[in-house]
Amino acid sequence: MSSCFIIYKIFVSYSGFEIIPVAPMAPVSVLVVYPAETPAFQRSVVALVEFLQWHGGCKVAIDMWQQEKIAELGPLRWLAEQMKVADRVLIITPLVETVSCVFIVIL
């Protein structure tokens, strides 16, 4: 891997190409809304939120991480304020299984 990087740097320096710096982007603000169904579902939501923050460059608002703020404002006011400042709102719902009803008729 390091040899590929060295070859790349040598190629760029001898070819006359310039490396154009990428302008830093402002993080996208995301509000995550989800029902607290089960602990496993909550862990999945937290894993997604952590991925968005660490690898997606997002600034995420999630109720689990802002309990103090929710206690101060109340849940509805906190949610309304977060929706005003969020660039995106992500609503996550658990997978709903449809149950087929089977009728057995014994004659």
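The values are calculated or read from the model by the stated rules, or taken from the named source; none is laboratory data. From a predicted model like this one, the values you see are computed outputs, not experimental measurements. Cβ sites come from the backbone with ideal geometry, for glycine too, and all protein chains shown count toward neighbours.
Among all positions in segment 68-81, there is at least one residue which is β-branched (Val, Ile, Thr) and at pLDDT below 80. Residues in segment 82-107 that are charged (D, E, K, R) and modelled with pLDDT of 80 or more: Lys84, Asp87, Arg88. Restricting segment 34-79 to residues that are among the β-branched types (Val, Ile, Thr) and surrounded by 13 or more Cβ atoms within 10 Å (Cβ to Cβ), the residue that is nearest to Ile92 (Cα to Cα) is Val45.
Among the residues of segment 2-17, are any at pLDDT below 85 and surrounded by 14 or more Cβ atoms within 10 Å (Cβ to Cβ)? No, segment 2-17 contains no residue that is at pLDDT below 85 and surrounded by 14 or more Cβ atoms within 10 Å (Cβ to Cβ).
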